[in-house]
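Taken together, the values in this text are just the output of simple stated rules run on the coordinates, not laboratory data. Everything numeric in this text was worked out from a predicted model, so none of it was measured.
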Amino acid sequence: MLGACTLWQQAQRASARSATWQWWMRRWATGLLHSFGVEQLVAGPPPEPAAGARLVVANHRSPLDIPLILSHFGGCVLSRSDLADWPLLGLAARRADTIFVDRDNPHSGMRAIREIRRRLRAGRTVVAFPEGSTFEGDEVRPFRGGILPAVSGLSVEIVPVGIAYTPGVEFGDETFPEHLRRIGSRRRTIAALCFGTPSQHARFSRSDLDGLHRSVQELVHRARDLHTSPNYAP
């Protein structure tokens, strides 16, 4: 798919190549989820395509979060720096204009903030996982404050998303290849997503960040409820 996309882009005008990449990337993400046996439960339709800058914020439990969000929203992702070297996802992440950040390096964090602002100013969609790492369970850990300077003074639509998996999917004390093998050996994996109401912000404050955290936590609980819904037969 990557090769076909590259050939298609080369045959297009430069102004159309970004939209072509987004079209292919969303389908690649969908195909990747299918290849790993991921089935989605979705609460309500996702928001309409963004008219301008959009920041999608979700809890973080597995590398599967990335193709899950991209399959619905497209855009570019803020991700851990070592993702660039991971098999399969690493190549796609570099081509997808991923913003890589080393959470323990303040200089890397500042570069990431500048890159987020540059993309939002250009009216693009950015996907972020403000917990800063993957965690087990449905408790949403405190959000890191990097979002504040990243969106300060910009007019941005912010969309909260809650994700809840069947138990055992979380990326914990294992290497990425081990995680891939473990997830790939499962007959199927259920991923529930709950999309929140988009909100437009011209100025984003600390209280807004706290409210965003509460929104994501509520959406995670609603996503978990989808697993036990009478409309879902496991």
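Note on the chain: Rg/Rh from C-alpha atoms, Kirkwood Rh, equals 0.94. Taken as Cα centroids, the stretch 57-87 and the stretch 147-215 sit 9 Å apart, rounded to the nearest whole angstrom.
Mean shadow of the stretch 142-234, computed from the convex hull of its alpha carbons, in nm²?
Numbers: hull surface 31.0 nm².
If I average the Cα hull's projected area over directions, I get 7.8 nm².
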